[in-house]
Amino acid sequence: MQDRTRPPRGGFRFSGPDLNPHPIAVFDSGLGGLTVLRALRGRLPHEDYFYFADTRFLPYGERPEVFLRERGVLIAEALARRGAKALVIACNTATAAAAEAIRAASTLPIVALEPGVKPAAALSTHGIIGVLATTRTLQSERFQRLVGQHANNLRVLAQPCPGLAEAIETQGPESAEVAALLDLYVAPLAAAGADVVVLGCTHYPWVAAAIARRMPPGTALLDTGEAVARQLERLLAAGGLLGGGRGGLTVATSGAPLAVAATVDRLWGAKMHIEHWEP
């Protein structure tokens, strides 16, 4: 019988005899995906989680699609080898560039993010929706397909936000740099009369209140964290994979752990040990 107080070689590090050695893996280019992790833990609090921030290559939004596809497959394969029971791609840019390749290469249950164009189209009464996202997401075939399928009869204001995700992470949501970028990117949506704004990057919920202040009263802001959590629950239940953990969380980065720890403290509101891990 395996001694479950000791991890298998190369596996995740847990302690205690009853912890699930097969956590849910969540990955993003940085720490925006913590907004998704928050929704996952809210809906599935008894699961164990391994969160990987690929900050060595932050930001994903300006990187070539071929790089993102290869990197995404590499990360997914490494997480599977380390014992993940499911994978959440908590990054709209990685989803747009790499989700299909990751699904083709992996046998894990996978939930991938995409901008909430469909619910935004259903919610809009003015017929004008705004989408804030990275350049790579908005240029992707996947995004264009979403718009064509669900919002073809609406005016969709696709606003690229170069530098915003990186500024939120490195300078902080309340920083002057973030405020200046929000002034620049949100103003066209407000001027055009958008009544729904899709937060098409997992970093943007950290500044949702600031975005709302720049839009007319009553504007709806949509992010997909709760929808992702519901879909993950359905996939785990269908595969008989629900439960078995104790709500444990491990956070790792491909970058500098001390720098990531400071950012996690600022965004998450709690101090946390950050491991270094390279797929």
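Over 22 Å, how big is the tail of the calculated P(r) for segment 117-223, in percent of all Cα pairs?
24
Size of the dipole of the chain about the Cα centre, Lys and Arg at +1 and Asp and Glu at -1 on the beta carbon, nothing else charged, in debye to 20?
Charge dipole of the chain: 560 debye, to the nearest 20.
Taking 8 Å as the Cα distance limit and 6 or more residues as the minimum spacing, I'd like the relative contact order of segment 117-223 as a percentage.
On the way: 159 pairs, mean separation 36.1, N = 107.
It comes to 34 percent, rounded to a whole number.
How far is helix 92-105 tilted off the main Cα axis of the chain, in degrees rounded to 10, range 0 to 90?
40
Towards the positive end of the charge dipole of segment 117-223, with charges on Cβ (+1 Lys, Arg; -1 Asp, Glu), say which of Val197, Ala209, Leu146 has the farthest Cα.
Of Val197, Ala209, Leu146, it is Leu146.
Return a whole-number percent for the relative contact order of the chain, with Cα pairs under 8 Å and 6 or more residues apart as the contact set.
In percent, rounded to a whole number, it is 25.
Report the calculated FRET efficiency for Arg230 and His46 (r = Cβ-Cβ distance, R0 = 22 Å), to the nearest 0.05. Numbers along the way, then the final one.
Values: r = 16 Å, r/R0 = 0.74.
Rounded to the nearest 0.05, the efficiency is 0.85.
Go through Leu182, Pro162, Gly130 and say which Cα lies farthest out towards the positive end of the charge dipole of segment 117-223; charges sit on Cβ, +1 for Lys and Arg, -1 for Asp and Glu.
Going by the Cα projections, it comes out as Gly130.
With θ set to phi - 60°, apply the Karplus curve 6.51 cos²θ - 1.76 cosθ + 1.60 along segment 186-192 and write out the HN-Hα couplings as whole Hz, x wherever there is a Gly or Pro.
Values per residue, Gly and Pro as x: 7, 3, x, 6, 5, 5, 7 Hz.
Counting only helical runs of four or more DSSP H residues, what would the 222 nm mean residue ellipticity of the chain come to if each run contributes -39,500 (n - 2.57) and the total is spread over all its residues?
Details: 11 runs with 120 residues, N = 279.
So the calculated ellipticity at 222 nm is -13000 deg cm²/dmol.
What is the helix-to-structure angle for 257-268, meaning the angle in degrees between its Cα long axis and the longest Cα principal axis of the chain, kept from 0 to 90 and rounded to the nearest 10?
So the inclination is approximately 60 degrees.
How high is the relative contact order of segment 36-154, in percent, counting Cα pairs under 8 Å that sit 6 or more residues apart?
Working: 111 pairs, mean separation 30.1, N = 119.
Once divided by the residue count of segment 36-154, the mean separation gives 25 percent.
Output the direction-averaged projected area (hull surface divided by four) of the convex hull of the alpha-carbon atoms of the chain, in nm².
Reported value for the Cα convex hull: 14.3 nm².
Give me the extension gain from Thr125 to Ala101: residue separation times 0.36 nm, minus the current Cα-Cα distance, reported in nm with one decimal.
5.0 nm
Computed from the coordinates by the stated procedures, all read-outs in this text should not be read as laboratory data. None of the values given here were measured: they were computed from a predicted structure. Note that we place each Cβ from the backbone using ideal geometry, even for glycine, and neighbour counts take in every protein chain shown.
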